[in-house]
């Protein structure tokens, strides 16, 4: 039986704020591991061209390795590619069901940002999902966690993760890469090197 953080996303690309959030969840919830679950076909981002699933997985692997030499808890970061291997849209509920069949004794905490929590009730099967997982929500500085009314009307477990005010984003990383600017400050040197070698997000 383990306490497990479930950190899903498109990670297009993964950046320093993602790593900071995973570390915060690991430390503040005393988790045994954080599973980085890379979405194969993110249903909420179907209108935008993305880096391939293989590239996004490779970048997450590098981000985890980069952190591994510096933070004692980061050895408990695990890359989970189940959504890449599964055909069709990537729904968190499907992945959580599958995982809980494999490891039924584990307690899962879904790691979210405030923006994701705001749209949580639009997720596929969110009513069942909230019965299966706790919600660990990042709130910056002194901000309060603001949950949707429909979620508050149902039994749920919600914990606030204290986070500094970080401005890094995948959008900024893609814009920098498209302009030929240095993406290292946003994504870290290893991921920046991968983006450069594979000419990801380049307009040319």
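Numbers at a glance
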{"read-out": "Scan of region 44-66 for residues that are within 15 Å of the chain's Cα centre (by Cα) and at pLDDT below 60, ordered by number", "value": "44, 45"}
{"read-out": "Members of region 87-102 found to be more than 18 Å from the chain's Cα centre (by Cα) and either within 26 Å of residue 15 (Cα to Cα) or surrounded by fewer than 12 Cβ atoms within 10 Å (Cβ to Cβ) (or both), listed by number", "value": "87, 88, 101, 102"}
{"read-out": "Residue among 86, 70, 76 that is in contact with a helix residue (DSSP H, G or I) (Cβ under 8 Å, 6 or more places away or on another chain), at pLDDT below 95 and within 21 Å of residue 188 (Cβ to Cβ)", "value": "76"}
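For every residue, the table says whether it meets (1) modelled with pLDDT under 95; (2) under 16 Å from residue 8 (Cα atoms).
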residue	(1), (2)
115	yes, yes
120	no, yes
131	no, no
144	yes, no
155	yes, no
172	no, no
177	no, no
203	yes, no
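The values are calculated or read from the model by the stated rules, or taken from the named source; none is laboratory data. The structure presented is a predicted model; accordingly, all values stated were derived computationally and were not measured. In this analysis, Cβ positions are derived from the backbone assuming ideal geometry, glycine residues included, and neighbour counts consider all displayed protein chains.
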